[in-house]
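Scroll down for the structure; my scribbles are underneath it.
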Amino acid sequence: MPRGAQRGTDAVLLFNGGRLADVQEVLPYYPGIAVKKFEVVSDAQLKVTVTVAADCRLGEHAFRVRTATGVSDLRTFWVGALPSVDERELNSQFESPQPITLNTTVHGVIDNEDVDYFVVECKKGQRLAVEIEGLRLGEQFWDPYVAILDAKRFELATSDDSSLLGQDAGCAIVVPADGKYVVQVRESAYGGNGGCHYRLHVGTFPRPTAVVPAGGKPGEELEVRFVGDPAGEIKQKIKLPAAADAQFRVHCQTPDGISPTGFKFRVADLPGVVESGANITSQAATPGTAPGAFHGVVSKPGETKYFKFAAKKGQVFDIHCYARRLGSPLDPVMYVGHANNGAVIAANDDAVGPDSYIRFTAPEDKEYLVWVHDHLKKGAPDYFFRIELSPVAASTSTGIPKVDGNNVSNQDRQVVAVPKGNRFATMVNVNRADWGGPAVVGFDALPAGLAFAAEPVEPGLAAVPVVFEAKADAPTGGRLADLRATPADPKVAAATSTNLDVNFCIGLNNTPFHRLYTDRLAIAVTDAAPYSIEVIEPKAPVLQNGSMNLKVVAKRAAGFKGPITVFPLFTPPGMGIQGSAVIPENATETVLPMNAAGNAAARKWKTAVTAVGDAGKGPVWVSSQLFTLEVAPPFVALAQERAAVEQGKVTPVFCKVTVATPFQGEAVVRLLGLPAKATTPELKITKDTKDVTFNVTTEAGTPAGKHGLFCQVVITHNGESLAQSAGGNELRVDVPLSPKPAAVAAKPATPAPAQPAAPAQPKRLSRLEQLRLDQEEREKAAKAGQPAPAPKADAPKK
């Protein structure tokens with residue numbers, strides 16, 4: 001606080017937060033603001049004196065605070081052209097507004113059901129313009145509303161939302177008569193709280209709502225038209241920067257002042273044309289070139305604007321319509337078609353937000369049309385747009401993923417803070433456009449004593465783990481670094497840019513209503529942490545359909561006894577790693593269980609483990625080394641046969657063993673999935689085992705029905721215990737048949753003559769009983785050292 005200052009002045013700012021007592025540096029992101037000095041007021045407050053240059057860019061700027069132990073979240077600061085005053089809280093009635101002079105910025109706050117009034121003296125014919133920075137300050141989600149009223153309380157102009165200002169508001173009038181005019185500020189739904197701060201600009205400055213053209217070539221000087229100001233169209237010459245700059249804005253300036261918010265302006269090396277105005281039919285299309293840019297306005301409802309260009313067969317262009325991205329109210333629908341008959345080749349509505357995009361390949365040598373209209377067939381003099389036809393060019397953007405994807409406003413671990421003699425890890429996102437192949441992550445420069453390790457980002461992957469390591473004697477320090485990703489193949493050319501997304505003011509559906517894209521990553525070396533961690537790199541692979549434990553060891557400094565929570569940084573595709581584990585107080589190790597799916601790629605991955613512990617001054621994050629995880633095919637395969645058994649009896653489950661990778665010693669095989677009250681002992685196999693048989697014992701209470709069984713094989717390999725799943729089939733448990741009911745006694749009958757007795761028939765055994773007898777005979781023969789008898793039952797069927 002305050003949330004902004006006038007350029008060409010010094011400002012004293014209070015930075016409020018926590019753990020600020022060991023501050024070492026304030027880092028401004030953009031030129032034009034210099035930190036003269038800072039003073040620690042308390043652990044929760046820092047007083048910073050800054051000098052805002054006279055030519056400082058108007059609008060949003062950003063700071064971070066670097067202390068000996070970390071780097072703060074990003075916070076914004078707004079630079080204006082007008083002197084500022086503070087709101088006085090006796091201004092909540094129309095009859096008692098706060099007097100201010102024209103061309104003033106008011107710093108105020110809206111509480112619940114609060115309405116603020118300000119009064120200015122104006123002359124007839126003057127422009128009275130009002131603009132507010134409220135939601136854009138990034139503190140609270142609220143919806144500012146402004147109005148200009150005359151002395152009789154009639155509304156002369158009002159504004160809630162706007163295409164240029166987003167949820168913030170702005171309006172302007174030409175003063176109809178000498179006198180006092182009142183500016184009203186409130187939350188649109190009469191909400192608000194003590195955090196709804198605002199910067200209200202009130203003055204004679206121009207407030208247009210459109211600019212044509214909306215872009216130009218680097219270094220070019222050109223004339224633009226500003227449209228939508230109540231005093232009429234304004235023409236102005238501007239000088240464009242030598243290179244594209246995401247923060248560049250064009251501000252309308254006259255002798256009466258300069259507009260507080262400028263227009264985003266495209267800077268691209270493309271020849272441009274401005275529409276003729278008569279290009280409302282395909283026959284009157286404004287001619288241009290491809291590559292090139294077309295500028296125009298959908299000036300009335302139902303209007304469509306046409307342009308034409310020539311292209312050679314096979315030429316490919318990215319065609320973008322820039323409208324909402326530049327602050328225009330136009331919701332464009334764009335088409336590409338044949339110039340001779342207007343037949344549509346391609347069309348698009350919403351591709352980049354409400355804006356349109358088409359990738360166009362010319363089917364033959366000829367002239368083509370590109371045309372645009374509003375989605376709802378609206379139109380007005382400020383419905384401006386720019387269409388760019390650009391050759392397809394390879395590019396790469398980098399960033400840091402949100403560690404809590406469900407909380408888009410969370411800035412946790414969006415900076416790199418590496419304790420001395422320790423490590424810090426983060427994922428780096430690499431988004432390729434129009435090229436493939438591996439990419440190499442790098443930085444323009446790092447703080448002294450700091451290095452990093454990262455594998456190339458493979459084709460098909462969009463992120464890579466990066467581990468930073470600081471020397472034990474590295475000086476504490478930091479910088480804003482350019483994070484780059486370039487093609488590993490030097491023959492491939494792709495522009496690279498850093499695109500770190502900072503979100504503010506989260507609304508419905510977790511939508512950020514204001515966001516700032518920064519082009520540099522804050523990296524710092526901090527004081528030593530009281531602990532470090534190391535992963536004991538596995539000497540054996542994780543098997544497909546298998547699992548193992550990853551051991552994490554902590555080294556504690558003297559006196560540090562607190563718990564340490566560890567997290568996997570990156571889980572390779574097809575693998576699962578437990579989300580976190582705790583190294584308990586005074587302990588030095590824990591494990592993270594891991595597994596691999598049956599379809600996980602058999603290969604090696606690089607990853608790391610991160611950890612956080614409370615060092616007494618807040619949480620401190622560190623990481624392990626970059627280590628290797630390998631996924632390999634199963635060592636053993638089992639072909640398990642279906643089995644059936646009656647409750648209370650025993651049945652064999654046969655498994656054929658195939659050893660794909662020989663192993664030393666014995667492996668343990670367990671039959672899993674047995675129903676309650678059914679048991680079988682575990683077995684052991686070697687690399688030479690061909691089959692195993694589990695004798696499953698059931699009880700009378702074993703649940704009847706079909707039960708899925710599978711085997712777990714536990715192998716010791718290179719000192720590591722590897723568990724894998726194998727086999728799989730069905731065990732059917734049947735209920736025994738009930739005994740036949742006893743025969744009812746009958747009346748004695750006359751005995752029949754005695755007949756010779758028939759020879760006794762041998763008892764016919766069921767196939768299951770015969771299998772059991774065969775197994776018993778084989779076991780007896782094996783104990784007696786005799787050859788196994790031939791089985792009497794049929795061979796089991798698959």
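Values as computed for the structure displayed
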| quantity | calculated |
| --- | --- |
| Alpha carbon convex hull of segment 531-632, projected area averaged over orientations, nm² | 5.9 |
| Viscosity 0.890 mPa s, 25 °C: Kirkwood-radius Stokes-Einstein D of segment 412-457 over Cα pairs, µm²/s | 190 |
| Fewest-first ranking of Lys180, Lys217, Lys235, using other Cβ atoms within 10 Å as the exposure measure | Lys235, Lys180, Lys217 |
| Magnitude of the charge dipole, the chain, Cβ model with Lys/Arg +1 and Asp/Glu -1, debye to 20 | 2800 |
| Fewest-first sequence of Thr261, Thr496, Thr628 by Cβ atoms within 10 Å of each Cβ | Thr628, Thr496, Thr261 |
| Estimated inter-spin distance, Val85 and Asn599, nm [label 7 Å along Cα→Cβ] | 6.9 |
| Ordering of 131-142, 108-119 by burial proxy (mean other Cβ atoms within 10 Å per residue, highest first) | 131-142, 108-119 |
| Sites Lys706 and Thr571 - FRET efficiency at Förster radius 41 Å, r taken between beta-carbons, to 0.05 | 0.75 |
| Nearest 10 degrees, 0 to 90: helix 767-783 Cα axis against the chain principal axis | 70 |
| Gyration tensor verdict on segment 397-524 (Cα atoms; rounded if a/c is under 1.5, prolate if a/b is larger than b/c, oblate otherwise) | oblate |
| Cα→Cβ-extended label distance, 7 Å offset, between Lys366 and Lys37, nm | 7.5 |
| Among the listed pairs Lys239/Lys308; Lys471/Lys555; Lys604/Lys684; Lys235/Lys300; Lys308/Lys377; Lys36/Lys217, those beyond 26 Å (Cα-Cα) | Lys239/Lys308; Lys604/Lys684; Lys36/Lys217 |
| Gain upon complete extension [Arg732, Gln315; 0.36 nm per residue less C-alpha separation] | 143.4 nm |
| Isotropic mean projected area of the C-alpha convex hull, segment 99-195 (nm²) | 6.0 |
| Separation of the Ser395 and Thr686 label points, Cα + 7 Å toward Cβ, nm | 6.5 |
| 5 Å-binned pair-distance histogram of segment 273-424 (Cα, whole percent) | 2, 9, 17, 19, 15, 9, 7, 6, 5, 5, 3, 2, 1, 0, 0 |
| Under-5 Å amide H pairs with Leu13, H placed in peptide plane, nonlocal only | Val48, Thr49, Val50 |
| Distance violations [Cα-Cα > 20 Å] among Lys656/Lys687; Lys649/Lys677; Lys402/Lys561 | Lys402/Lys561 |
| Cβ-Cβ FRET estimate between Ala151 and Asn509, R0 fixed at 45 Å, reported to 0.05 | 0.55 |
| Ranking of Lys366, Lys237 by count of other Cβ atoms within 10 Å, fewest first | Lys237, Lys366 |
| Backbone N under 20 Å from the Glu776 label point (7 Å along Cα→Cβ), restricted to segment 637-668 | 644-654 |
| Electrostatic dipole magnitude of segment 531-632 [Cβ: Lys, Arg +1; Asp, Glu -1; Cα centre; debye, to 20] | 160 |
| Signed unit charges on C-beta, dipole axis of the chain, positive-most listed residue Thr658, Phe15, Leu483 | Thr658 |
| Rg/Rh for the chain, where both radii come from Cα atoms and Rh is the Kirkwood radius | 1.16 |
| FRET efficiency, 1/(1 + (r/R0)^6) with R0 30 Å, evaluated for Asp404 and Thr254 via beta carbons | 0.05 |
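Since every read-out is calculated from the coordinates, none of them should be taken as a lab result. The structure displayed is predicted, hence computed values, not measured ones. Glycine gets a Cβ as well: all are built from the backbone with ideal geometry, and neighbour counts include every protein chain shown.
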